[in-house]
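*Asks:* Input: one structure, supplied below.
Read-outs throughout are calculated quantities, based only on the coordinates presented, and are distinct from any laboratory measurement. Treat the numbers as computed from the prediction; the structure is a model and nothing was measured. Cβ: placed from backbone, ideal geometry, glycine included. Neighbour counts: every protein chain shown.
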Amino acid sequence: MSTRPSFPRRCAALTLICCSPILAQCWGPLVPTGTAPPTRGIGVTFTSDQSGGALLFGGAQRTNGGRLNLSDTWYLRNATRFSSPALWVERSAVTTPPARSDHGAAYDPASDRLIVFGGCGGGCAPALNDVWVLDHATAGTPSWMEVRLDPVLRPGRVSRSRTIPRRTS
């Protein structure tokens, strides 16, 4: 019989990260070093990669008048490895996609690319229908590029959906 720690099962903010080291069998607090990204919510992209890291792009902060969408990119090294200290690193690029929340995203570990689609920009009407790719998402010099597609074929979307490639050992 295994004992589970009495840590919370969900986290309300990214200043305290909860990770599942092995198939979501137990949860524990993770207190990363480095400068943490601003607290956010409303559609944050948070995807684990094969090296045990996590990517974060965009989202929104609550403000007195509503919300402020963000366009920053962060990488958390060792997000799922309790044996090594976790470290936040901002992945700054010269060009960035427009600020957004409630967007879809996927991470391709083979090419180290983060792909972002749609979401809410500004007042969310209409929804964004752009596609952006971040090369060198976790290592090297990051670079965002917009992929131009026919807007008639892909109307804007809000709410997240993503496919994460199955991890093979």
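*Asks:* Pop the C-beta distance of Leu149 and Thr95 into the FRET formula with R0 = 25 Å and round what comes out to the nearest 0.05.
*Replies:* Details: r = 18 Å, r/R0 = 0.72.
Plugging the Cβ-Cβ distance into 1/(1 + (r/R0)^6) gives 0.90.
*Asks:* Which Cα, out of Ala110, Thr95, Cys124, lies furthest along the positive dipole direction of segment 71-149 (beta carbon charges, K/R +1, D/E -1)?
*Replies:* My answer, from the dipole projection, is Ala110.
*Asks:* Something else about it: For segment 100-149, what is the convex hull volume of the alpha-carbon atoms per residue, in Å³?
*Replies:* 76
*Asks:* Residue by residue, what Karplus-based ³J(HN,Hα) values in Hz, rounded to whole numbers, does segment 86-97 have, using 6.51, -1.76 and 1.60 with θ = phi - 60° and x for Gly and Pro?
*Replies:* 7, 9, 7, 9, 6, 9, 7, 10, 5, 10, 10, x
*Asks:* Okay, moving on. Sum up the charges of everything whose Cβ sits under 9 Å from the Cβ of Ala60, counting Lys and Arg as +1 and Asp and Glu as -1, but leave Ala60 out.
*Replies:* Computed value for this residue: +3.
*Asks:* A follow-up question, please. In nm, what is the difference between 0.36 nm times the number of residues separating Gln61 and Arg113 and their Cα-Cα distance? Before the final figure, lay out each step's value.
*Replies:* Details: separation 52, 0.36 × 52 = 18.72 nm, distance 2.51 nm.
This chain segment gains 16.2 nm when fully extended.
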